[in-house]
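Handing you this structure, nothing more for now.
The values are calculated or read from the model by the stated rules, or taken from the named source; none is laboratory data. Only a predicted model underlies this, so the values are computations on that prediction, with no experimental measurement involved. With ideal geometry, Cβ positions are generated from the backbone for all residues, glycine too; neighbour counts draw on all protein chains shown.
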4 protein chains.
Amino acid sequence: MTKKMDQVADSYFNCNDSERAAFELGIKLGALFHQFIGTPVSSENLDILERAIEKTTERQAFVTKAEVKILPKGLENRTESAFFDYTTLSGDMLEVKVYVNFKGVEAVGRMEYISELDYPLMYLESIG
Amino acid sequence: MTKKMDQVADSYFNCNDSERAAFELGIKLGALFHQFIGTPVSSENLDILERAIEKTTERQAFVTKAEVKILPKGLENRTESAFFDYTTLSGDMLEVKVYVNFKGVEAVGRMEYISELDYPLMYLESIG
Amino acid sequence: MTKKMDQVADSYFNCNDSERAAFELGIKLGALFHQFIGTPVSSENLDILERAIEKTTERQAFVTKAEVKILPKGLENRTESAFFDYTTLSGDMLEVKVYVNFKGVEAVGRMEYISELDYPLMYLESIG
Amino acid sequence: MTKKMDQVADSYFNCNDSERAAFELGIKLGALFHQFIGTPVSSENLDILERAIEKTTERQAFVTKAEVKILPKGLENRTESAFFDYTTLSGDMLEVKVYVNFKGVEAVGRMEYISELDYPLMYLESIG
């Protein structure tokens, strides 16, 4: 972003740099989950979908890196039929790590299914 | 959430309460945008879609309130035809305000189209 | 749609009216599923989300009626906590019936979870 | 799909084979549009997103081939800034061709933006 546009966007924020980094990181995790949940997946297209999610995430503002792993839950033993060799991407299949850097503050967030919570938790692993 | 589950989830975070509030707020705005962009809208269903987006946002963790306004951009002059009386929801049609409260820290976020940026900006309006 | 625009759109199709009706119906069911899967739902917002999905579907070309029922699967026993009183909409929670009419040919389609298939099946219930 | 499961699914349908082919094709086009609209795209990730959409479409029932082209509309002149070097995928950027075969009936569908309609039209190009 050009310096001037940067200042225009920043002028809307009322927070410090670490809160901004945390906010930007949250946006990216929420976006990723709700954009791609429901995508048809099979054992044969997990790799390319992982790469596509990484690349589309990495191009967003302040993201320095994105790592995506899709677990083949629900795809085991499904190779024998037209209906059963794919499923739709659900939250418990996703393991994601996103790195954001805002003005030198690095925030690292993850999403993964936590069995104890029975829930795909998005959390802020580190910031500073 | 029960106290125990609360502690389980919190144990994954390494940040202070205001960074957590900012992170949770970002999640909700990113989720809202990417869940509902593309929804078919017409001048006749804007109201119910606004309410549905508000209600589904308000039920998420730490959200205390959500306000959604959908601007009828691209719907003007479209009432005369089957193809032209609806469009799909795009980012520049959404005006959103979400309130999050994490352990007493209130974070207020907005999304709106900023003409100077030609972009639907998500920003942290206030936190504290 | 005005008569003229109608003719423009029709000129792209090479099929008979019942195939067109079946095609338009398929579009609506595929759209509905992939637009709304992943939406956060709780026992308190099922009704308004059902109505919103119906209204946004009914405004699309050639749809005469849409009926949507969301089953509260995964929401039972979740009322006691912030994380557990909602889930995200999945295919097995949806029961949908959509009516399309193209030039007098009515096509009725459904989507519902079929336990024998362990799959949310979209099917053409009747056409004629 | 195993013969038996095939028969279970087929038993829900009341239509001929060409109507079925048209219906299945419509599902795939509606799904593709509403799954991927809103995805963040930049000039650097169009290719991998095109391939991912093709692969996730091709794994669905009865699809024999999918071809996806994403036009870089709205990405021109955006390379100089963090906010401006990406946009979100919209219907007018997509050119799609999907081939379905149901019991020997091949249906070919397309989606592309039609300027005369100012609309991304999904249409049945051929069936037989």
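I need a count of the residues in segment C:10-29 that are among the hydrophobic types (A, V, I, L, M, F, W, C) and part of a loop (DSSP other than H, G, I, E, B).
2
Here's the yes/no breakdown for (1) crowded, with 16+ Cβ neighbours inside 10 Å; (2) more than 7 Å from every other protein chain (Cβ to nearest Cβ):
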| residue | (1), (2) |
| --- | --- |
| B:Ala9 | yes, no |
| B:Tyr12 | no, no |
| B:Leu25 | yes, no |
| B:Lys28 | yes, no |
| B:Asp47 | no, yes |
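Let me ask something else. Restricting to segment D:18-43, name every residue that is in contact with an Asp or Glu (Cβ under 8 Å, 6 or more places away or on another chain) and either over 22 Å from C:Ser126 (Cβ atoms) or free of Cβ contacts under 8 Å to residues at least 40 places away in the same chain (or both). Spell out the reasoning first.
Just the residues of segment D:18-43 that are in contact with an Asp or Glu (Cβ under 8 Å, 6 or more places away or on another chain), to begin with: D:18-19, D:21-22, D:26, D:42-43.
Correct list: D:Glu19, D:Ser42, D:Ser43.
Within segment D:48-94, work out how many residues are modelled with pLDDT under 95 and assigned to a strand (DSSP E or B).
The number of residues fulfilling the criteria is 3.
Hey, another quick one. Within segment A:94-128, work out how many residues are facing chain B (nearest Cβ under 9 Å) and aromatic (Phe, Trp, Tyr).
Matching residues across segment A:94-128 total 2.
Further, regarding this structure: List pairs: first residue in segment A:111-124 and hydroxyl-bearing (Ser, Thr, Tyr), second residue part of a loop (DSSP other than H, G, I, E, B) anywhere in the structure, Cβ distance under 7 angstrom, at least six positions apart or on different chains.
Going by the 7 Å Cβ cut-off, the qualifying pairs are A:Tyr119/C:Phe83; A:Tyr123/B:Tyr12; A:Tyr123/B:Phe13.
Give me the residue from segment D:30-44 that is in a helix (DSSP H, G or I) and facing another protein chain (nearest Cβ under 7 Å) and, out of that set, nearest to D:Ala61 (Cα to Cα).
The residue in question is D:Ala31.
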